[in-house]
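The values are calculated or read from the model by the stated rules, or taken from the named source; none is laboratory data. Quick caveat, the model's predicted, so the values are computed rather than measured. Heads up, the Cβs are rebuilt from the backbone with ideal geometry, glycines too, and the neighbour counts pull from every protein chain shown. Surface accessibility is based on the protein's heavy atoms, side chains included, excluding ligands, DNA and RNA. Shrake-Rupley method; radii C 1.70, N 1.55, O 1.52, S 1.80 Å.
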Amino acid sequence: MHYAGLPTTRATRSPLRQNDGGFGGVLSIEVAGGKERALAVASRVKLFTRATSLGGVESLIEHRASMEGPHSLTPQGLLRLSIGLEHVDDLIGDLDQALGG
């Protein structure tokens, strides 16, 4: 998982010091299996909407490399999530079933 609020890597130490107001609801996950599996996961979620906009209150999911085009440097298995107002347990359950867990 990629999330600026995690204190697990050197790259996040500076944002943790600079962002005392908390972090937003955008994170990324890398799905094993590359582009095909990531797209399959995105197509199986039920609560997340497949979209790029980050301005609403609903939870969104996107395959970032597809949005960037054929020369994207984004890992092909990466999905970007924008977390909305749905209950966290429902969102986790939705992702779990989409990942086949």
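In nanometres, what is the gap between the two model label sites at SER66 and LEU99, each 7 Å from Cα along Cα-to-Cβ?
1.9
Which net charge results for the neighbourhood of GLY84, defined as the other residues with beta-carbon distances under 11 angstrom from its beta-carbon, given Lys and Arg at +1 and Asp and Glu at -1? Display every interim value, and only then the final one.
On the way: positive: none; negative: GLU58, GLU86, ASP90.
Neighbour charge sum, excluding GLY84 itself: -3.
Of the heavy-atom accessible surface of segment 21-101 (probe 1.4 angstrom), what whole percent is carbon and sulfur?
Looking at segment 21-101 in its full context, I get 57 percent from C and S.
Calculate the FRET efficiency for SER53 and ALA32 from the Cβ-Cβ distance with a Förster distance of 25 Å, rounded to the nearest 0.05.
0.35
So what are the ³J(HN,Hα) numbers for segment 58-66, from phi and the Karplus equation (6.51, -1.76, 1.60; θ = phi - 60°), rounded to whole Hz, Gly and Pro as x?
8, 7, 10, 9, 8, 8, 4, 4, 5
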